[in-house]
Amino acid sequence: MNKYWQPIVRPSDEQLKSAQFDIQHSVRYVGRMDWSDDGGPILSWPGSSIAARFKGSSLTMYMTVKHRDHSWVNVSIDGGKPYKLYIDAGVSVYTLATDLSEDVHTIEVYKRTEGMFGSIQFMGFTLSDGGTFLDPPARLTRRIEIIGDSISCGSGNEGREEDLTKPENENNQLAFGTIAALELEAEHYTIAVSGIGLVVNYDNDRDNTMPVQYERLNPILPESRWEFSNWTPDLVVINLGTNDNNFAIDQQEFVTSYCEFVTRIRGNYPQAKILMTLGPFQQRPLKDYVVQACEQLRAAGDLDTYSLIFDLIDTQRDGLGEEGHPTTITHAKMADQLIHEIKQIMDW
């Protein structure tokens, strides 16, 4: 797709008015969105998305970089195969579709990269002359929140093992949690950070672990805070422990920390089911700790808490992505296992 390399910071009021566009009501928003800037919502977490319905032969998007400069999105027209688009700090106008028919069309822009690579601001769509925006696509009624590390982000899942991490090869839309949510027709929020741990991160940092970052509206901004009443999931899937397993973690410390974290989540979502999982490699001894934490919670009366240990990755058969991460093949297999478990828990 062509990009318009114009130095426009944001669409003018006249442009948006002429396109009959209402940034609040013409779009379906999914994910933790920061609306503190009048210019439009800021997307940071992987899997955040915007979608609209319209009639018109072409569609232009206004989007700019807010933090850092490594964000990529997937763009899908009428539910077709997505193409990926780099959001460039020097560009703010993107032609997403041209030469469309006179039928009703849908557009979805899906943030495939995680917050540490950058955040982006959506400032509006415009249509060709005569185009009209319609009511946005309906929201899905089922809801899943996915909390995790690089595996949940989809880090390097489109790359090769010998490659260093490239943001463009992270595709959250093909991560196991997203695949499962889409198959089960559930809206999903992904709260995931590469290298994150429950007790200790990959870089041996114990101060910015997931219990800290989980509270954030924008993972890049430590002072930002998410309002949990804005969105309540039916199911929470947690995939943590792989990075903790790089260190000799005390069993009781891990179990206690995990129980405390789940108890905090339970306070936000009293009716949700909570599934505690562990990724497909580096499982010992953490897999026993995850199961123990779940059993301890259930023994204390939280019978809506469950555990799942993913099957070990078969690297000879399915290969590895960038820096030893699961490939899209492994993610698909993890999704199958997760879907089976969710159906048992949720009766979906």
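Details
- Radius, Kirkwood style, for the stretch 268-348 when every pair of distinct Cα atoms is counted (Å): 14.1 Å
- Radius of gyration over Kirkwood radius for the stretch 266-310, both on Cα atoms: the Rg/Rh ratio is 1.02.
- On a per residue basis, the chain carries 43 Å² of accessible surface, using protein heavy atoms and a 1.4 Å probe.
- The stretch 99-151 - charge dipole about Cα centre, Lys and Arg +1 at Cβ, Asp and Glu -1, debye rounded to 20: 360 debye
- Correct choice for Rg and Dmax of the Cα atoms in Å that was computed from the model, options (1) 18.7, 56; (2) 31.3, 135; (3) 20.4, 65: (3)
- Using the Cβ-Cβ distance between residue 264 and residue 332 with R0 = 41 Å, the FRET efficiency computed as 1/(1 + (r/R0)^6) comes to roughly 0.85.
- Global form of the stretch 17-65, assessed from the alpha-carbon gyration tensor, a/c cut-off 1.5: prolate
- Expressed as a fraction of 2.2 N^0.38 Å, the value expected for a compact globular protein of N residues, the C-alpha radius of gyration of the stretch 188-239 is 1.18.
- Think of the chain as having a plus end and a minus end, set by charges on the Cβ of Lys, Arg, Asp and Glu; of 137, 198, 175, 137 sits farthest toward the positive end of this dipole.
- Between the stretch 290-322 and the stretch 115-136, the Cα center-to-center distance that results, in Å: 38 Å
- At R0 = 41 Å, FRET efficiency that the Cβ-Cβ distance of residue 323 and residue 231 yields, to 0.05: 0.80
- Legend: distances between Cα atoms for 273/333; 55/84; 287/333; 166/287; 166/343; 81/333; pairs beyond 25 Å are 166/287; 166/343.
- Relative packing of peptides 37-50, 170-183, 226-239 - highest average C-beta neighbours within 10 Å first: 170-183, 37-50, 226-239
- Test item: Cα-centred dipole of the chain, Lys/Arg +1 and Asp/Glu -1 on Cβ, debye: 420 debye
- Taken over the alpha carbons of the stretch 56-134 as equal point scatterers, the Debye sum produces base-10 log I(q)/I(0) values at 0.14, 0.21, 0.26, 0.27 Å⁻¹ of -0.47, -0.94, -1.27, -1.33.
- Three-way shape label, the stretch 167-296, alpha-carbon gyration tensor, a/c 1.5: rounded
- Alpha-carbon centroid distance for the pair the stretch 176-220 / the stretch 260-288, whole angstrom: 12 Å
- Against the main long axis of the alpha-carbon atoms of the chain, helix 328-346 sits at an angle near 70°.
- Overall form of the stretch 121-195: oblate. Here a/c, set by the Cα gyration tensor axes a ≥ b ≥ c, is 1.5 or more, and a/b is not larger than b/c.
- Carbon/sulfur fraction of accessible area - the stretch 261-341, other protein chains in place, 1.4 Å, %: 50 percent
- Under the convention that each Lys and Arg Cβ holds +1 and each Asp and Glu Cβ holds -1, the size of the dipole of the stretch 138-251 around its Cα centre is about 340 debye.
The values are calculated or read from the model by the stated rules, or taken from the named source; none is laboratory data. This one's a predicted model, so the numbers in the text were calculated from it and none came from an experiment. No Cβ is skipped: glycine too gets one built from the backbone with ideal geometry, and neighbour counts run over all protein chains shown. Ligands, DNA and RNA are excluded from the accessible area calculation, which covers all protein heavy atoms including side chains. Shrake-Rupley method; radii C 1.70, N 1.55, O 1.52, S 1.80 Å.
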